[in-house]
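No lab work stands behind these numbers, since they all come straight from the coordinates. Computed from a predicted structure; not experimentally measured. Don't worry about glycine lacking a Cβ; one is built from the backbone with ideal geometry, like all the others, and counts go over all protein chains shown.
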C-alpha cells in the first residue's frame, strides 16, 4: 500500500492522534525524490512530464496540508502529541493557547501590542533583550516567542498582573 494512503487513513480513521513515525516520513520523502528524478528525465516526453509532475506535486502538497491540519486539529481538541512532529504540534497548541489568553487578558501597550517579560536572551529590534527585560511585541510575535519559551506575556488576572 502507498505510504500516502497509510498515513492519511490512519490520520482520519481514529479520534486519537495517529503516530506518524520517521520511517513513514522517509517513505513519503523517497516517493517524492523518485518523482523528482522521473520528472527530470529528458527521455520522457516534456508535456507528459510537465503535466504528470505538476499533478503529482499538487496532490502531494494537498495531501500533506490535509495531514498536518488533521493532526493539528486533533491536538487542539486534546489528543496527546506524539510522532515525528511532536515538537511542532506542541508549539502550535502552545501558540494557540497563548493567543487566546493574550486576546482576552493580555496587558496591551500602544497600537495593540502586548507587554511581555523576556525569559531567555533574544535579539529584538537590533538589540539583545536579556531575561527580566520588559518588551512590547505584536500579538502574533508575542504568542510565537512565548510558545518557544523566550517571553511570557503579561496577563491580567483578578485585577493583578501576572506572567
Check your understanding: Can you tell me the Rg and the Dmax, both Å, for the Cα atoms in segment 28-163?
Key -> 21.7, 72
Check your understanding: What percent do you get for the relative contact order of segment 87-162 when only Cα pairs under 8 Å and 6+ apart count?
Key -> 36 percent
Review point. Hey, rough spin-label estimate for residue 107 and residue 136, points 7 angstrom out along Cα→Cβ, what's it come to in nanometres?
Key: 1.3 nm
Check your understanding: Mind ordering 112-125, 137-150 by average Cβ neighbours within 10 Å, highest first?
Key -> 137-150, 112-125
Check your understanding: Classify segment 87-162: rounded, prolate or oblate, from the alpha-carbon gyration tensor (a ≥ b ≥ c, eigenvalue square roots; a/c under 1.5 rounded; otherwise prolate if a/b is larger than b/c)?
Key -> oblate
Check your understanding: Which FRET efficiency, nearest 0.05, do residue 39 and residue 65 yield, Cβ-Cβ r, R0 25 Å?
Key -> 0.75
